[in-house]
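Report on the structure given below.
The values are calculated or read from the model by the stated rules, or taken from the named source; none is laboratory data. Keep in mind it's a predicted model, so treat the numbers as computed, not measured. Note that we place each Cβ from the backbone using ideal geometry, even for glycine, and neighbour counts take in every protein chain shown.
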Amino acid sequence: MTLFRIENLRKSFGGLEVIRGVSLEVAQGQRLALIGPNGAGKTTVFNLINGYYRPDEGRILLDGQDLVPMAPRLRIRHGLARSFQNIRLIPHLTVEENVLLGAHIHAGGMLAQALPLFMGRGRKLREQARGLLEDAGLTAHRGALAGSLAYGLRKRVEVVRALMARPRLLLLDEPCAGLNTQERGVLMEELQRIAASGVTMMVVEHDMHFVGGLCDRAIVLNFGEKIAEGTPAEVARDPAVIEAYLGHEPEKYAHA
Amino acid sequence: MVAQQLVNGLMLGAIYMMVAVSFTLFFGCLNFLNFSVPALFMLGGFLTWAFVQMGMPWVVAVLGALAVAAVASLIVERLTWRIQRGGPPLIPLVSSLGFLILFENLVLVRWGSDARSIPSPFGDANIRIGEVVLGVPQLACLVVAIGLVFGLQFLLARSKLGRGIRSVAESPETATILGVEVNKVVPRLFLLAGLFCALAGVMFSLSYQLVSPFMGDQVALKGLAAMVLGGMGSVWGAVIGGLVIGLIEIFAISALSADHVSVVVYGLLLAVLIVRPTGLFGDAGLGQQKL
Amino acid sequence: MSGYWAGILVILAINVIAAYSAWLPLAAGQVNLGTAGFMAVGAYAGAVLSGDYEWPVGAAIAAGAVASGLLALLVGSAVLRTRGLYLALATLAVNEVVRGILLNWDAVGGASGYPVIAHIELLPIAIAALCVFLVAAWLGASRFGMTLHAIEQDETMTGLFGVHVSRVQLAAFTIGGVMAGLAGALYAHHFSYIEAQYFTVLMSVTIVLSVVLGGVQTVWGPLVGAAFFTLLPELFRGASNWRYVLFAAGVIAIMALRPQGIVTRAALMRLRRAA
């Protein structure tokens, strides 16, 4: 069953067409990787899905509902959550508080929000946040200020924050960037665990090893166009993809 | 009568125009709402009086006042923009408010809070054209102010410094990559914009012959209104805005009373901010958070 | 307690309330440079109601706070659509418009000011300041408070998590307006005389500066800032002219070295661990 579908998405900035008619589908429970060389438009696609930018053309359907006319802040209510390429936690709030921000749509109206975090509905959300932090092995850092944490830990906190929204589609923008091999391993295990619980994911990532371990399908973008689609292993062998990354002439590959 | 008011409005507007240009240079190029501008204005005007009191000749007093204001503006650069750029724009704004209070009160501590009258070096010279009386100092200010704005435009458009300033306005990071020495260009911008408003202070004190440590507050607030009306970041907008605010003030005084001026001018400022925050010639992107 | 100290405590309490009124919007990244204007609205509304209309003092003061809050709601909903530095300019304009109207309004004495007959002493003012602090601490510990800090740091990201950014900012601005009105009404009923000239933009500026000096990250910052600003001249007695010079130099130094202000969240956590 298709959970998420993009139809013929187009976006130009100042006359330069950055996204040129991209279409894709993500089935329920699938993990789709969006890969491609720098400047291919991967993050722009995320920003269009998110509502950072408004597409010039095309539809973005989550569970049959078109997100394009919807205000960015309402999209999370339809099950869309994301992590950011450059970490965007609030440095002078604690890890737990940052994670709680992710559950904003479950926090009730203005009056419920004016209650201290340990009362009423906030109490239940706090227990939930602690549970997710524990699952992620981050309990020890719960009370620390987000700004004081190591880079790798902050990346994982961002994922937990996005999960607090109980999303149907989780967008991960370069979850591995800046992590060392060991940190990548920890993150991979964690994402596999989350995936096993049934969360559908779209991942922008450069590390093909990571993509191969997490995702069951990959779409390759180059200059704002889809140039290949298949399993991670298939697209990695695709001549068009290799050319896009290495910039070789197609003829040379024909002989290779 | 109307002709006389038109002339008076334009002459007052010339002062607001200079202040508005100063604000708009800081804002348009550095996204910095620099509240030390009223203090630099005051330093120009007040120190001219103070130096004349000390027995200096007029020219020396004016140059001395401008020099102090220029140094003050460079100090502001060092302690605000230089170390706070790239962060939230509210931080340099708050620091510059600190400088406003610092400079005003330093002058107050030394010379007291009273308004002082400053004699005019031009005497009572004025020119009559039919019914209209033109004060020589005011007229000189209007001419000098307009000449300076043209000079500034020429500088921004043609000189190496102008190119540097424009590239910093695009993005300090890109400017650095392009080989612009940001830490040389920006102090010169502070010097330029600081001198613009300090000179406005000198003109104000020579035209209206009254100085006080807080003389900059009301004038600079109107300069801010002029900048917003014209469109933040636009030099020609500041020119038009300044002249319009000058005219509105003079006509409001005669139609209502001097006490009603602030209601009219700041009511207009508020209305512009609500209805058309980009002003007449402004850039819609400035001052808004970037994505 | 001597009259001298009672006098200082009254000013401290009023400054503390004014500081929290500026803190709420500041915590969400909005500078209100019109706090003194909102105080003036509270002062005049309260004074007219307790004087001309013979309302009980408590009700008149509360009504003054509400009047200022309504003005904040009105101004905020009109101007908050435009964010960032524009709000600083708009509130500044509000301050001057309010002052201009009061100066020309003969029914409230115009430029000669308005005498306030009803009088309150230190105790009710101190209780009001304590209540304002408790409200601020309560809100600071709530999701609302958390959201304010998130907006200040990263408005776009916060919006993507479903926060209605402009509504939260409007709420902070309006509650701040109520507090400013309360500070003004208390001031009017203690000093028995108000004049529009007193509520200048410069006063709004010093309120904002004292909050920023104290730090906007925690609920303690405004308290520290207001205390610093109020008590500084007492520490340098005989040099009261230097008060603003020292204060301004302090603000510049703090903003240069530690733009988060004196009290930060991290510093509080270190203190708590050490204790």
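Quick notes on this structure:
- Filter result for B:L6 (assigned to a helix (DSSP H, G or I) and hydrophobic (A, V, I, L, M, F, W, C)): yes
- Yes/no for C:T156 being within 14 Å of another protein chain (Cβ to nearest Cβ), more than 14 Å from C:A19 (Cβ to Cβ) and modelled with pLDDT of 95 or more: no
- Filter pass, B:S212 being within 14 Å of another protein chain (Cβ to nearest Cβ), modelled with pLDDT of 85 or more and more than 16 Å from the chain's Cα centre (by Cα): yes
- Which listed residue, of A:E127, A:E205, A:E190, A:E174, is surrounded by fewer than 18 Cβ atoms within 10 Å (Cβ to Cβ) and modelled with pLDDT under 95: A:E127
- Only one of C:L102, C:L74, C:L92, C:L123 that is more than 8 Å from every other protein chain (Cβ to nearest Cβ) and surrounded by 24 or more Cβ atoms within 10 Å (Cβ to Cβ): C:L102
- Residue within segment B:136-158 that is of a type in the set (G, A, S), part of a strand (DSSP E or B) and crowded, with 18+ Cβ neighbours inside 10 Å present: no
- Taken as a whole, the structure leaves C:Y4 outside the set of residues that are within 30 Å of B:F35 (Cα to Cα) and outside any loop (DSSP other than H, G, I, E, B).
- Among the criteria (1) in contact (Cβ under 8 Å) with a residue 60 or more places away in the chain; (2) surrounded by fewer than 19 Cβ atoms within 10 Å (Cβ to Cβ); (3) within 13 Å of chain C (Cβ to nearest Cβ), the one B:K222 does not fulfil is (2).
- Pair list, Cβ under 7 Å, 6 or more apart: segment A:66-77 residue assigned by the TED database to the domain that holds A:L171, other residue modelled with pLDDT of 90 or more and part of a strand (DSSP E or B): A:D66/A:R59; A:D66/A:I60; A:L67/A:I60; A:V68/A:R59; A:V68/A:I60
- Complete set of residues in segment B:241-267 that are within 14 Å of another protein chain (Cβ to nearest Cβ), within 17 Å of the chain's Cα centre (by Cα) and of a type in the set (G, A, S): B:G241
- Segment C:159-170, residues that are more than 7 Å from chain A (Cβ to nearest Cβ) and within 21 Å of A:L117 (Cβ to Cβ): C:V165, C:R167, C:V168, C:Q169
- Note on segment A:24-118: enclosed strands (runs of 3 or more DSSP E) holding 2 or more residues that are more than 12 Å from chain C (Cβ to nearest Cβ) and farther than 30 Å from A:E134 by Cβ are A:31-35, A:57-62.
- Helices (runs of 4 or more DSSP H) (entirely within segment C:207-275) containing at least 3 residues that are within 25 Å of C:G7 (Cβ to Cβ) and within 14 Å of chain B (Cβ to nearest Cβ): C:220-235, C:243-257
- Taking the conditions (1) surrounded by fewer than 24 Cβ atoms within 10 Å (Cβ to Cβ); (2) hydroxyl-bearing (S, T, Y); (3) part of a helix (DSSP H, G or I) in turn, C:Y53 satisfies each one other than (3).
- For the residues B:R85, B:R163, B:R116, the requirement of being basic (K, R), more than 10 Å from every other protein chain (Cβ to nearest Cβ) and under 23 Å from B:A238 (Cα atoms) singles out B:R163.
Per-residue answers, yes or no, for (1) surrounded by fewer than 18 Cβ atoms within 10 Å (Cβ to Cβ); (2) hydroxyl-bearing (S, T, Y); (3) in contact with a strand residue (DSSP E or B) (Cβ under 9 Å, 6 or more places away or on another chain):
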site: C:S204; (1), (2), (3): no, yes, no
site: C:S210; (1), (2), (3): no, yes, no
site: C:T218; (1), (2), (3): no, yes, no
site: C:A226; (1), (2), (3): no, no, no
site: C:L235; (1), (2), (3): yes, no, no
site: C:W242; (1), (2), (3): yes, no, no
site: C:L257; (1), (2), (3): yes, no, no
site: C:T264; (1), (2), (3): no, yes, no
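- Output for segment C:126-153, where each listed residue is among the aliphatic types (A, V, I, L, M) and within 7 Å of chain A (Cβ to nearest Cβ): C:L139, C:A141, C:M146, C:A150
- Where B:A67 falls short, out of the listed (1) part of a helix (DSSP H, G or I); (2) at the interface with another protein chain (Cβ under 9 Å from one of its Cβ atoms): (2)
- Test: A:A33 is among the hydrophobic types (A, V, I, L, M, F, W, C), outside the structural domain of A:G143 (by the TED database), closer than 30 Å to A:E234 by Cα and surrounded by fewer than 22 Cβ atoms within 10 Å (Cβ to Cβ): no
- Within segment B:1-58, being aliphatic (A, V, I, L, M), within 14 Å of chain C (Cβ to nearest Cβ) and over 20 Å from B:L148 (Cα atoms) holds for B:L30, B:L33, B:A39.
Table: residues versus (1) closer than 22 Å to C:L160 by Cβ; (2) within 14 Å of chain C (Cβ to nearest Cβ).
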{"site": "A:R130", "(1), (2)": "no, no"}
{"site": "A:G137", "(1), (2)": "no, no"}
{"site": "A:H141", "(1), (2)": "no, yes"}
{"site": "A:Y151", "(1), (2)": "yes, no"}
{"site": "A:L169", "(1), (2)": "yes, yes"}
{"site": "A:E174", "(1), (2)": "yes, no"}
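- Every residue from segment A:228-249 that is assigned to a loop (DSSP other than H, G, I, E, B) and either under 19 Å from the mean Cα position of the chain (by Cα) or not assigned by the TED database to the domain that holds A:Q28 (or both): A:T231
- Taken over segment B:104-135, the criterion of being at pLDDT 85 or above, more than 23 Å from the chain's Cα centre (by Cα) and not in a helix (DSSP H, G or I) is satisfied by B:G112 alone.
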